[in-house]
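What follows is a short report on a single structure.
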Amino acid sequence: MNTKTLTINRLETTLRSYSGKQHEAEGSSPPAAVSVLFNITNGEPCVVMIKRAETLRHHSGQWAFPGGMIEESDDSAMHAALRETNEELGIASSDIDIWCQMPPVDTSTGFEVWPYAGRVADGIELTPEEAEVAEVVNVPVRVFIEEVSKRTITVVRQGTTRKLTAYAYEDRIIWGASARIIANTINIVMNAA
């Protein structure tokens with residue numbers, strides 16, 4: 001697919017039609033939920049990503065989607081994703097249109113992450129929580145489609161070596177669960193073509 005044909009409307013239509021699929025928790029991993037939020041920046045579809053603060057216990061300094069642990073007080077995983085997005089970026093849930101629930105992704109650190117794809121309202125002022133968010137960037141969706149952006153990184157953890165797909169955007173490397181979540185999301189749209 002030509003990246004020019006991947007419009008925000010195409011993303012929304014395809015992902016909304018995917019929303020009928022429900023995914024069930026598969027394991028005993030601690031559950032977390034994230035918001036995969038699309039918008040239009042400089043005339044092209046982008047996804048909002050955060051760089052996690054270096055002081056955080058899990059995945060510090062990594063590029064991620066806003067979100068976090070599902071708490072007992074949360075009505076659902078989607079509620080947790082919206083609550084965490086509000087805490088981290090100051091975006092009210094009324095300014096987010098959730099399109100669908102995506103398949104869960106397990107992290108190498110033992111979390112099961114439930115992604116929710118949608119769109120954040122245009123012109124929203126973000127207020128990053130400094131204790132949790134070091135930087136916010138709108139990554140063009142084309143970055144996750146074009147071969148020139150793809151990288152293979154090698155991760156060694158507890159004596160096990162794995163090769164992972166990653167994406168380069170300017171001076172940033174997006175890898176791990178975040179790379180798998182966005183790849184899953186984009187693949188659903190691309191395969192619907």
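Checking residue 112 against (1) more than 25 Å from residue 6 (Cβ to Cβ); (2) open to solvent by 20 Å² or more (accessible area, probe 1.4 Å); (3) in contact with a Pro (Cβ under 9 Å, 6 or more places away or on another chain); (4) not hydroxyl-bearing (Ser, Thr, Tyr), only one condition comes out false. Which one?
Exception for residue 112: condition (2).
Scan 89, 82 and give me the residue that is in contact with a Leu (Cβ under 6 Å, 6 or more places away or on another chain) and modelled with pLDDT of 85 or more.
89
Kindly check whether there is at least one residue in segment 74-90 that is within 28 Å of residue 161 (Cα to Cα) and either part of a loop (DSSP other than H, G, I, E, B) or in contact with a Gly (Cβ under 6 Å, 6 or more places away or on another chain) (or both).
no
Looking only at segment 115-127, filter to residues that are more than 16 Å from the chain's Cα centre (by Cα) and not hydroxyl-bearing (Ser, Thr, Tyr); which one of those is most open to solvent (accessible area, probe 1.4 Å)?
125
Do we have residue 36 as surrounded by 21 or more Cβ atoms within 10 Å (Cβ to Cβ), at pLDDT 95 or above and under 21 Å from residue 184 (Cβ atoms) here?
yes
Looking at segment 137-169, which of the residues that are assigned to a loop (DSSP other than H, G, I, E, B) and touching a helix residue (DSSP H, G or I) at 6+ places or on another chain (Cβ under 9 Å) is most open to solvent (accessible area, probe 1.4 Å)? I'd like the intermediate steps shown before the answer.
Taking segment 137-169 first, the residues assigned to a loop (DSSP other than H, G, I, E, B) are 145-146, 158-159.
Applying the additional criterion that residues be touching a helix residue (DSSP H, G or I) at 6+ places or on another chain (Cβ under 9 Å) yields 145-146.
Working: 145: 27, 146: 58 Å².
Residue satisfying both the conditions and the ranking: 146.
Would you be able to tell me the number of residues in segment 98-135 that are in a strand (DSSP E or B) and more than 20 Å from residue 78 (Cα to Cα)?
Count: 3.
The values are calculated or read from the model by the stated rules, or taken from the named source; none is laboratory data. It should be emphasised that the depicted structure is a prediction, and the values quoted were computed from it without experimental measurement. Glycine gets a Cβ as well: all are built from the backbone with ideal geometry, and neighbour counts include every protein chain shown. When the accessible area is computed, the model is the full protein with side chains, heavy atoms only, and any ligands, DNA or RNA have been set aside. Shrake-Rupley method; radii C 1.70, N 1.55, O 1.52, S 1.80 Å.
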